[in-house]
Structures are given as C-alpha cells and as structure tokens.
1. Could you check region 184-200 and list, in sequence order, the residues that are out of contact with any Leu (no Cβ under 6 Å at 6 or more places or on another chain) and either under 26 Å from R54 (Cβ atoms) or surrounded by fewer than 19 Cβ atoms within 10 Å (Cβ to Cβ) (or both)?
2. So, in region 14-48, of the ones that are of a type in the set (G, A, S) and within 13 Å of L61 (Cβ to Cβ), which residue ends up surrounded by the most Cβ atoms within 10 Å (Cβ to Cβ)?
3. Suppose the filter is among the aromatic types (F, W, Y), within 17 Å of V7 (Cβ to Cβ), in contact (Cβ under 8 Å) with a residue 24 or more places away in the chain and in contact with a strand residue (DSSP E or B) (Cβ under 8 Å, 6 or more places away or on another chain); does Y178 pass it?
4. Among the residues of region 75-91, is any hydrophobic (A, V, I, L, M, F, W, C) and loosely packed, with under 15 Cβ neighbours inside 10 Å?
5. Go over the candidates R192, R187 one by one and state the one that is touching a Cys at 6+ places or on another chain (Cβ under 9 Å) and not assigned by TED's automatic domain parsing to the domain that holds F58.
6. Can you work out which of the residues in region 118-163 that are part of a helix (DSSP H, G or I) and among the small types (G, A, S) is nearest to A47 (Cα to Cα)?
7. Confirm whether P45 is part of a loop (DSSP other than H, G, I, E, B) and within 30 Å of S267 (Cβ to Cβ).
8. Is it true that some residue in region 48-64 is more than 25 Å from A16 (Cβ to Cβ) and either at pLDDT below 95 or not in a loop (DSSP other than H, G, I, E, B) (or both)?
Amino acid sequence: MPELPEVETVVRGLRAVLPGRRILEVRLGKTDFIENPAALEENLPGARIGAVKRYGKFLLLELESASTDEAARELALLIHLGMTGQLVTCPPDARVAPHTHVFLALDDGKELRYTDIRRFGSMQLLADGAREKALGSLGADPLEMTEEQFAAAIGSRRARVKALLLDQHVVSGIGNIYADESLWRARIHPMRIGATLKRDEIHRLYRAVRDVLNEAIRLRGSSVSDYVDSSGQRGEFQLRHRVYQREGKKCFRCGAKIRRAIVAGRSSHFCPSCQRAPRTRPQVAGGGL
C-alpha cells in the first residue's frame with residue numbers, strides 16, 4: 001500500500017504539472033470506489049486545478065469550480081491510492097493500462113489517469129467546508145511533528161509501538177514498510193509498549209522515522225508491488241530495506257536472522273538481536289508473507 005513517501009512522491013510530481021490546468025472532460029470506468037461519481041462528472045469539467053497537497057496517505061487536488069454558484073466554487077478532489085492505486089499524467093494516445101477507471105482530459109493536451117487493480121482506493125469530491133470532516137481525525141504528519149509532539153503521541157499510550165505507528169489517528173502516513181524500517185533503525189522491538197519507551201528510545205525512534213521517510217522520498221518511494229510515481233516510474237527505496245519482507249535473511253547490522261511476528265494484525269519484521277523483545281515474547285509466525 002502506498003505510504004507517506006510514495007504519496008509525497010506522486011504529489012511532488014503532480015505539483016510540477018497540474019496547478020493552473022483546467023479539466024476539460026471526465027470519463028469514468030468502474031466507479032465503486034468513487035463516492036458520488038455523478039458529482040465528478042457534473043463539477044470537474046471546467047474546473048481549474050490549484051494546489052496539490054498531501055494529508056497523511058491522502059492526496060488532495062484543490063479546485064476552482066466553473067460553477068456560477070459562489071457557494072459551490074471551492075471544491076477539492078480527495079484521493080486515496082489504496083493498495084494498488086496509480087495516478088499518472090500522460091499523452092491521450094498513450095497505452096491505456098488495464099484497470100484504468102478515471103480519465104481527466106486537461107487543457108494542455110494531456111490526461112490525468114487513475115488506475116487501480118483491486119479498487120481499494122477511494123475518490124471523493126469535497127465541497128467547501130467538508131475538508132475538515134474528511135481529514136480532521138488524522139494524526140499529525142511525522143515530518144512536521146516536533147520531538148515533543150511525537151513523544152506525547154507515542155510515549156503516553158499503553159499500546160504496542162508498532163500499532164501506534166500504524167494508527168493514522170496517532171501519526172498519519174506511516175504504514176507497514178516504514179514502521180518496520182524505522183523500528184529496526186531505532187533498535188526497538190515492535191511489541192514494545194509505547195509508554196515503556198525511555199526518553200532516549202523515543203528520541204532514536206523520532207529521528208529514525210524522519211530519516212527513513214526523508215530517504216524514501218529522496219529515492220521516490222518503495223516499489224514492492226504496483227506503486228509507480230506520477231510519471232509511471234518505479235521507486236528505488238526497496239533496495240534499501242533492512243527488515244521489511246526479509247524474514248530468514250541476515251540482519252545487515254549484526255548478522256542474526258530476521259524474524260517475523262504478527263503485531264496489531266500485521267506482519268512485522270525485526271532483528272531478534274538488535275531489537276530486544278519485551279518480557280512477553282510474540283508468537284512467531286511460520287512461513288512467508
């Protein structure tokens with residue numbers, strides 16, 4: 001599933017080409033992932049794209065509607081890429097990838113296309129004032145949090161630290177890949193309770209999360225499945241993974257074999273030597289993912 005670095009990479013790519021462009025036409029395929037498809041068909045043609053922003057794992061296109069109704073002029077298109085969503089710009093005569101469900105014709109002669117094999121993503125047109133309702137429950141962005149804010153969010157809760165990192169109401173944007181990589185870099189076991197972390201451990205985890213996310217953004221994300229950036233190119237951070245999906249392989253730091261356990265219902269990869277388990281050891285899952 002695209003996480004913060006992948007969505008940020010897509011946003012930066014789209015930010016370079018979309019602001020100022022006007023949407024001329026909307027064509028839809030399957031629409032079961034779209035809330036109110038008719039609203040897109042009615043309101044997007046003629047709308048001008050303003051800012052392109054990211055909120056956690058969500059991508060948002062701010063729009064200036066062509067409507068003469070002043071109350072309906074400020075709109076936003078909220079997109080979640082789900083597990084396999086791709087959002088790319090291309091010439092209209094470019095090969096149409098299978099499972100492409102949304103085509104937005106732009107006034108520069110290009111198209112913005114949304115492709116999603118499994119259709120676990122979502123797309124929603126937000127009227128003015130609806131943004132807070134849709135995004136207000138998200139936790140703070142880890143790249144914008146101070147260390148004190150991060151410590152309050154993670155170190156005050158009696159839940160597994162891996163679960164806290166994945167909880168979008170606590171910290172927004174982090175998923176399984178970057179939680180595992182950050183915990184490995186900070187030498188913290190995923191089963192540790194947030195409230196039991198010492199101050200120096202919170203500091204290490206805060207720095208690790210920021211370093212991992214920024215490095216992943218620099219390398220345009222992790223392409224471990226279907227993810228590509230807004231130009232259709234794969235990322236490279238998967239080449240730097242140290243624990244994620246490396247069960248049974250040697251730890252890059254100490255040589256011990258990477259193990260996998262189920263934490264918060266998700267596969268969690270860790271080094272049993274570098275990341276010491278709490279007193280109650282997790283039940284290790286057998287087999288691969």
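The values are calculated or read from the model by the stated rules, or taken from the named source; none is laboratory data. Everything quoted here is computed from the prediction, not taken from an experiment. All Cβ positions, glycine included, derive from the backbone under ideal geometry; neighbour counts span all protein chains shown.
1. The answer is W184, R185, R187, I193, A195, T196, K198, R199, D200.
2. Looking at the filtered set, the residue picked out is A47.
3. In short, no.
4. Looking through region 75-91, none of the residues is hydrophobic (A, V, I, L, M, F, W, C) and loosely packed, with under 15 Cβ neighbours inside 10 Å.
5. After applying the criteria, what remains is R187.
6. That would be A134.
7. Judged against the criteria, P45 is not a match.
8. The answer is no, given that none of the residues of region 48-64 is more than 25 Å from A16 (Cβ to Cβ) and either at pLDDT below 95 or not in a loop (DSSP other than H, G, I, E, B) (or both).
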